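Everything below concerns the one structure shown next.
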Amino acid sequence: MSSQPLMFNRIRFDRNTPHRITFNPRLVARAFIFVLLLSLLSAGSVPFAHCQTFGLSIPFGLNRPAVDPGGSAIATIDLTSSGGFNSPVSLSCDVTSGPVTTSPPVCGPPSPQSAIPPANGPSLTITTSNTTAVGLYSFIVTGTSGVITQTAKLNLTVQPLSEDYTLSVSPTTALPNPVAAGSAATTTVTISPIGSYSGHVTLACLSISPANLLGPVCSFNPATVTVTGGPPPTSVLTLTTTGPAPTTRVRSGRVFYAIWLAIPGLGLIALSTTGRRRKNTLGALLLMLLASGVILMPACGSSKSIGSVTPATTYVFTLTGADENGAAPSNTATNQATVSLTVQ
């Protein structure tokens, strides 16, 4: 049998030296490039969907974290786009946990049930019945588009509630802060219903600390808000300070006009006298006229500053409200709504 070496694709196998294999460097380099290209082609064949996605959140939660049996709560869904994602997202909501009951809360369906991100507005309503068991229920809101799924969680407490409302402020420091005397700052007040409360609430500042007659002044826009079963209404609170008033000049020109009007009368008095007595009378009258002018002269062109300035310090305001029945917010005694402002 011949002992000639066998050749297979440039790899030489020598029977006399079976453990010796010779590789062609060019072949190895070509194989490496081939594998690299194959990897790139495989990656390129996968769509860029993994770089495109959407986000799902419920930033404000439920408008009512607790409801009476038979009550309902509403949430607004926020959809965001990333990497140019622009496909429809299907929305759904399900109860995930809660007390055992024959009448669990019903979540959804969201309205609309499909939206293309970015979208802020799809809403869902969680409804309970009079026979829904009291307790804490958890829900999951799901958004699906192709193989992409995003979720958000919600919690709702069902319990007998007294109908009321609360006030909250965000931010708790009015902006801009600090401000110079004569400027104003604003913040937002939210009126949140408890239970199935509804009504018309008029807002006001209950107190200011430190107390000062020249302290900032509160104003609300709108001053009265309507609370219903929808999202909690808001009002813009403006804190206005008092600045230095411009200097005002006080003139006394009319006084001098009155003096000039008296001259004809003085002349008539002088003409009614004769001789030496006339000269004495005229001299006395002229002297009186000159003295009056000298006395009133300082009033001409004098000036003074009108108004006062809000003192520089940090003020804290406590807010309150009253509805058409005179009911104040439930957090008037504890956890009061407050806002601060620093005046320079």
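Since every read-out is calculated from the coordinates, none of them should be taken as a lab result. On a predicted model such as this, the values are computed, not experimentally measured, just so you know. Virtual Cβ from ideal backbone geometry, glycine too; neighbours counted across all protein chains shown.
Given labels modelled 7 Å from the Cα in the Cβ direction, how far is it in nm from ASP94 to LEU136?
According to this spin-label approximation, the distance is 2.2 nm.
Provide Rg and Dmax in Å for region 56-203, with only Cα atoms included in the calculation.
For region 56-203, the Cα radius of gyration and maximum Cα-Cα distance read 18.7, 62 Å.
Each residue of region 185-191 in order: what ³J(HN,Hα) in whole Hz does its phi give by Karplus 6.51 cos²θ - 1.76 cosθ + 1.60, θ = phi - 60°, with x for Gly and Pro?
9, 10, 7, 10, 10, 10, 10
Quick one: which residues, 5+ away or cross-chain, put their amide H under 5 Å from the amide H of ALA327? H built at 1.01 Å from N.
none
What length, rounded to one decimal in nm, is gained on full extension from LEU37 through to SER111, with 0.36 nm per residue of separation minus their alpha-carbon distance?
Extra length available between LEU37 and SER111 comes to 21.9 nm.
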